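Input: a single structure, listed below in structure tokens.
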Amino acid sequence: MSLPLDVALAQCDRHASIMIEALGLIPQPLTEAHLQLATPELIRLLDQFVLRFTKLQDTLATHVLRQFAVQTLVEPVEDVAFIDVLNLLERRGYLLADQWALQRSTRNILTHEYPDDPLRQALALSAAQAAAHQLVLWLRKIQERTKV
């Protein structure tokens, strides 16, 4: 069961705010050395960032994008493949479908921690740091359109 669009957008906004707050406290660029010498505080911030990055993507995918297309853009995409929803939103200027796929890949890598490979962790986290800003921009475009 999908959440009402306004509730889902409020959840996304909360995830985005907490994610960006954590991101501002994480060293950039994040390196292998940072992870090898990570303090409990840095680990907490990274956990918070990864959790909210994942939750933001998941909530957008599960509860927002299709509903936004149907309810706000008045497009009949209730029963089409998700990639078709992404392509529609790309045509309308709300996101980039290929970038969404890359972000999902980054998300999947983050959910499989590699505790014995700090370099791999640093690369995945750095990719997520860059992707996080793009996700928030997409969210803001959608939020702005729902206010009209």
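Out of L65, L88, report the one residue that is open to solvent by less than 40 Å² (accessible area, probe 1.4 Å), without any contact (Cβ under 8 Å) to a residue 24 or more places away in the chain and over 29 Å from P27 (Cα atoms). It would help to see each step written out before you state the result.
Details: L65 fails: without any contact (Cβ under 8 Å) to a residue 24 or more places away in the chain.
On inspection, the qualifying residue turns out to be L88.
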In region 20-60, the residues that are open to solvent by less than 20 Å² (accessible area, probe 1.4 Å), hydrophobic (A, V, I, L, M, F, W, C) and under 30 Å from E78 (Cα atoms): F53, L56, L60
Cross-chain or 6+ apart pairs with Cβ under 8 Å, region 102-128 first and of a type in the set (F, W, Y), then open to solvent by 60 Å² or more (accessible area, probe 1.4 Å) and in a helix (DSSP H, G or I): Y114/R120
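Looking at E75, E90, which is the one that is at pLDDT 95 or above, acidic (D, E) and within 15 Å of A61 (Cα to Cα)? Lay out the reasoning, then the answer.
Working: E75 fails: within 15 Å of A61 (Cα to Cα).
Only one candidate qualifies: E90.
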Residue identified as at pLDDT 95 or above, surrounded by fewer than 19 Cβ atoms within 10 Å (Cβ to Cβ) and among the acidic types (D, E) among D98, D116: D98
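Looking only at region 130-148, how many residues end up being basic (K, R) and either open to solvent by less than 50 Å² (accessible area, probe 1.4 Å) or farther than 15 Å from L65 by Cα (or both)?
Taking region 130-148 as the starting set, the residues that turn out to be basic (K, R) are 140-141, 145, 147.
After this cut, where a residue has to be either open to solvent by less than 50 Å² (accessible area, probe 1.4 Å) or farther than 15 Å from L65 by Cα (or both) as well, the list is 147.
Number satisfying all stated conditions: 1.
Of the residues A69, A16, A97, A8, only one is within 11 Å of the chain's Cα centre (by Cα) and closer than 21 Å to R140 by Cα; which? First the steps, then the outcome.
Numbers: A69 fails: within 11 Å of the chain's Cα centre (by Cα); A97 fails: within 11 Å of the chain's Cα centre (by Cα); A8 fails: within 11 Å of the chain's Cα centre (by Cα).
Answer to the selection: A16.
The values are calculated or read from the model by the stated rules, or taken from the named source; none is laboratory data. Because the structure is a prediction, the values reported are computed rather than measured. Note that we place each Cβ from the backbone using ideal geometry, even for glycine, and neighbour counts take in every protein chain shown. Remember, those area values only see protein heavy atoms, side chains included, never the ligands or the DNA or RNA. Shrake-Rupley method; radii C 1.70, N 1.55, O 1.52, S 1.80 Å.
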